[in-house]
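Participant: Structure provided below as structure tokens; questions to follow.
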Amino acid sequence: MSVILAVALFAPAAHAVCRDAVVLVHGNTSSPASWDNTRNELLARGLSDAEILRPAWGNGSCAACNDHNGSEETPVLDALVEAIAVSCTGRIDVIGHSMGATLAAKQIMDHGLAEYVDTFVGIAGAFRGLRSCGTYPYNVANSTCGYWGLSISSPFLDALYGERFGSRVYSIKSWYDQVICATGYCTVGWIHSSSIWDEDASHTYTYGHFGLQTHTATLQANLIE
């Protein structure tokens, strides 16, 4: 086989495996290891470890200490920027769980990265706030529920509302979520808090808050293909 013929035959296959790099952002006090099921699924579909970024952020032993401003932001922003740099396509996919979803969304919004995001998936995120945090400014007095936190109508969430975080936007939610639905109500303004405005689709399961992350790896991978 000639070199020219070999190139002609194998070039389409090489092009076919060019994929977006992926950023997986864990939830409050969790860790990159929480994405092991998703990582394994992505590896099985042809991504390399270098194309799957899992930033570690926040104080892992103090949930109430973490918010969406300051030191929590840096690891996530760095991962987004690195993913764009290593991506074969020049675009990325972002999947966030719980507070990691809103944290990733803020970095995309603040730094004008939406044009680089092909698909954004928010899993069990409190995009409309947590009833358990109260309503700003009469919120629970901790960082997670404060100005930069997840109280309903916090300045942070109000600024996030209506923004588009990628070309395609999906949410994965549950009516049995122990965190989003901690008060017995999952909705804010009659809409499930994990639903994202103007999303392309929302997928609902009967899993709990953490099962939504660990048990939907196949769906997550399908959504970003």
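Participant: Report ³J(HN,Hα) in whole Hz for each residue of segment 204-210, in order, from the Karplus equation J = 6.51 cos²θ - 1.76 cosθ + 1.60 where θ = phi - 60°; Gly and Pro get x.
Facilitator: Taking θ as phi minus 60°, the curve returns 10, 10, 9, 6, x, 4, 8 Hz for segment 204-210.
Participant: Can you give the accessible area per residue of the chain, in Å², using a 1.4 Å probe?
Facilitator: Each residue of the chain exposes 44 Å² on average to a 1.4 Å probe.
Participant: Further question: Can you send over the carbon and sulfur percentage of the accessible area for the chain, probe radius 1.4 Å, protein chains only?
Facilitator: Its accessible area is 56 percent carbon and sulfur atoms.
Participant: Efficiency by 1/(1 + (r/R0)^6): what FRET value for Cys18 and Thr206, r their Cβ-Cβ distance, R0 = 45 Å, to the nearest 0.05? Provide the component values of the computation, followed by the final result.
Facilitator: Working: r = 36 Å, r/R0 = 0.81.
Between Cys18 and Thr206 the formula returns 0.80.
Participant: So, one more: Only bridges whose two residues both fall in segment 21-224 count here: according to DSSP, what percent of them are antiparallel, nearest 5?
Facilitator: Rounded to the nearest five, the antiparallel share is 15 percent.
Participant: Which residues does the label zone of Asp198 cover in segment 92-124, counting backbone N under 17 Å from a point 7 Å along Cα→Cβ?
Facilitator: The answer is 105-122, whose backbone nitrogens lie closer than 17 Å to the label point.
Participant: Sticking with this one: Only Cα pairs under 8 Å and at least 6 apart count here; give the relative contact order of segment 134-216 as a rounded whole percent.
Facilitator: Working: 111 pairs, mean separation 21.2, N = 83.
Answer for segment 134-216 is 25 percent.
Participant: What ranking, highest mean first, results for peptides 129-138, 200-209 when packing means the other Cβ atoms within 10 Å averaged over each residue? Each step should come with its number before you reach the end.
Facilitator: Details: 129-138: 18.2, 200-209: 15.4.
Highest-to-lowest ranking by the protection proxy: 129-138, 200-209.
Participant: If you place +1 on the Cβ of every Lys and Arg and -1 on the Cβ of every Asp and Glu, how big does the dipole about the Cα centre of segment 21-224 come out, in debye to the nearest 20?
Facilitator: So the dipole magnitude of segment 21-224 works out to roughly 440 debye.
Participant: Which whole-Hz couplings ³J(HN,Hα) result when phi for each residue of segment 95-103 is put into the Karplus expression 6.51 cos²θ - 1.76 cosθ + 1.60, θ = phi - 60°, listed in order with x for Gly and Pro?
Facilitator: 10, x, 10, 6, 5, x, 5, 6, 5
Participant: With each run of n ≥ 4 DSSP H residues scored as -39500 (n - 2.57), what mean residue ellipticity at 222 nm is computed for the chain after dividing by its residue count and rounding to the nearest 500 deg cm²/dmol?
Facilitator: Helix-only estimate at 222 nm: -8500 deg cm²/dmol.
The values are calculated or read from the model by the stated rules, or taken from the named source; none is laboratory data. Values in this document were obtained by computation on a predicted structure and should not be read as measured data. A quick note on method: Cβ atoms are made from the backbone with ideal geometry, for glycine too, and the neighbour counts reach across all protein chains shown. SASA here: full protein model, heavy atoms, side chains in, ligands and nucleic acids out. Shrake-Rupley method; radii C 1.70, N 1.55, O 1.52, S 1.80 Å.
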